[in-house]
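Here the structure comes first, spelled out in C-alpha cells, and everything after it is commentary.
Readers should treat all values here as calculations from the given coordinates under stated rules, not as data from a laboratory. This structure is a prediction, so every number in the text was calculated from the model and none was measured. All Cβ positions, glycine included, derive from the backbone under ideal geometry; neighbour counts span all protein chains shown.
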Amino acid sequence: MPTPRAVPTDPDAARPATPAALRLLPRPARTPADGPILLSPPHLTGRELAGIAETLQSGWVAPAGPATAAFEAALADATGQPHVLAVSSGTAALHLGYRCLGIAPGDAVWTASLTYVATIAPAVQMGARPHFLDVAPDSWTLDPDLLERDLSRAARRGRLPRAVVPVDLFGQSAELEVIRALCDRWGVAVMADSAEALGATQHGRPAGQGARLAAFSFNGNKIVTAGGGGALASADAGLIAMARGLANQARQPAPHYEHETTGYSYGLSSILAAIGMVQLAALQDRIAARRAIFGRYHDGLAGLPGLGFMPEPDWSRGTRWLTVIQLDPGQGAPGREAVRLALAAAGIETRPVWKPMHLQPAFRHAGRSGGAVAARLFERGLCLPSGSGLTPARQARVIDRLRACWAG
Ligand SMILES: *Cc1c(COP(=O)(O)O)cnc(C)c1O
C-alpha cells in the first residue's frame, strides 16, 4: 500500500550482483531470516542498474526520449491499450484524466468508497463534488447494482455525474464490462483507477481496458515499480495527446513559450522509465509469485473460525497484489486490531483495509453517500505481507504467528 514514508527494498528477494562502479559504496547489512517482514516492499530483479546505466550513457535523462517511449510502448502491450502516457505518479495520471474529462467546479464525480484517497483527491481539488458508492460483497469493488439504481435516480433528477471512477482493489479489477455498459446508457464517462491491478483481468479483458481512460501506478509498493511513477492509458489518441500536452505545461507548438491553458510538470524521468521497463518485463513472474503467496496463506490458515479471504468472482482473475483476510469476532475470530498488534510485536507489518472515503473527515461534507459493506470490510479486513520476494520460510512465520492469535 502506498505510504508516505521510505520503504526499504525487499529483504527476501535475491540480492543482485554489485556492479564494479558501486563496489566502493557501503553494503547494506543482510536482513536476518528473523528480521522484519514488510507488507509489500519493492522487489528488484537485479537488472535495474544496467537499465539506468544504459539510459545515462545515452544522454537521454529528461522526461522524454527513447527510454520513456519504450516504457510507454511496453505499457501499451501490458495494458492492452494503444495509447499510453507515462507520468510521475498514479495520482498525476488521475489528475490529468480528470482534466481531460473536463471536470469543472460543482461537477459530480462518483467512485467506490473503498479506495485509497488518491482516486478522488485530484477531482475534489478541482472543485468536484464526490459521491461515494458501496462495494459489492462478492468482489469488494464498485457494486454495479447500486450504480444502476443511483444513475437512474440521478437521470430522473437531471443530475448525472460528469464521471464514474471504478476502482480496482488489492489486485482485483472492478467489473468494468458491466459498469461501462451502464454508464454508456446515460452517456457518462468512465475512468478506471487501475493503480492496484496492472496484470489483472475482468471478463477476460485487461484491467482498465474499455474505460475512456485508465490510470496505473508504479509506486514502490505496487506489483511492479519504477521507483515512483504512473501512466494514463486509453483507446482514444486525442485524449492521450491532450494529457501529454497538459503534463508538459500545456506548451503550444511555437518557438517561444505559448500557452492557451495551464498544465503541470508531470513527466516521468527517463531514469525512472528505465527502471519501470526492467520491472515490467517481470510482471507475469510477480503475478505468479503473489498468487502463490495467496495460495499458501489460504492453505496455511484453513479451518480457523471466523476467518475469510477477499473473494475472486468467476468473471475476475486478479493478481493478489495483497492477500487480504477478514476477521469476524462473531464467528470466533480475534479482533482485527488485536491481530495487527500481535503481528507488529513479532516484526510483521500488516495494515487495515482502506478506510472508506465516506468515513474520512476530509470528505465529511460529501453528503448522502456511503456504504455498509465498505465500512464492515474496514472494521474486519487486514492486509497481510504479500511482497513477491517473500520466501515460503518467512511466510510460514507469518502463518504461525497468525494461527497463534486463535490459540490464546
Ligand atoms: C497507489 C494508488 C494510487 C496512486 O498512485 P501513486 O503512484 O502513489 O500516486 C491511486 N489509486 C489507488 C487505488 C492506489 O492504490
*Please give the calculated 222 nm ellipticity per residue for the chain, where each DSSP H segment of at least 4 residues contributes -39500 (n - 2.57) and the sum is spread over every residue; nearest 500 deg cm²/dmol?*
-10500 deg cm²/dmol
_Relative contact order computed over segment 293-408 (Cα-Cα under 8 Å; 6+ residues apart), in percent_ = 33
*For segment 198-214, Karplus couplings with θ = phi - 60° (6.51, -1.76, 1.60), whole Hz, Gly/Pro x*: 4, x, 7, 10, 9, 6, x, 9, x, 3, x, 6, x, 6, 5, 9, 9
*Over the chain, calculate the relative contact order: mean separation of alpha carbon pairs under 8 Å at least 6 apart, over the residue count, as a percent.*
22
_What's the ranking of 289-297, 351-359 by average number of surrounding C-beta atoms within 10 Å, highest first?_
351-359, 289-297
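Looking at segment 52-280, send over the antiparallel percent of its DSSP beta bridges, to the nearest 5.
Details: 15 of 30 bridges.
Of those bridges, close to 50 percent are antiparallel.
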_Per-q log10 I(q)/I(0), segment 297-402, q = 0.18 Å⁻¹ (Debye; single scatterer per alpha-carbon; no solvent)_ = -0.97
*List every residue whose amide H lies under 5 Å from the amide H of R129, counting only residues 5 or more places away in sequence or on a different chain, with H placed 1.01 Å from N in the peptide plane.*
G106, D107, A108, V109
*Taking the dipole about the Cα centre of the chain, with the C-beta of Lys and Arg at +1 and of Asp and Glu at -1, give me whichever of P356, P63, F309 is farthest to the positive side.*
P356
_P(r) for the chain, please, calculated from all Cα pair distances in 10 Å bins and given in %._
5, 22, 31, 25, 13, 3, 0, 0
*With +1 on each Lys and Arg Cβ and -1 on each Asp and Glu Cβ, and nothing else charged, work out how big the dipole of the chain is about its Cα centre, in Debye to the nearest 20.*
680
*Rg followed by Dmax, in Å, when segment 261-317 is reduced to its Cα trace*: 19.1, 59
*Please give the contour-minus-distance gain from A235 to A345: 0.36 nm per residue of separation, less the Cα-Cα distance, rounded to one decimal in nm.*
34.8 nm
*Which order do the peptides 42-48, 154-160, 268-274 take when ranked by the mean count of other beta-carbon atoms within 10 Å per residue, highest first?*
268-274, 42-48, 154-160
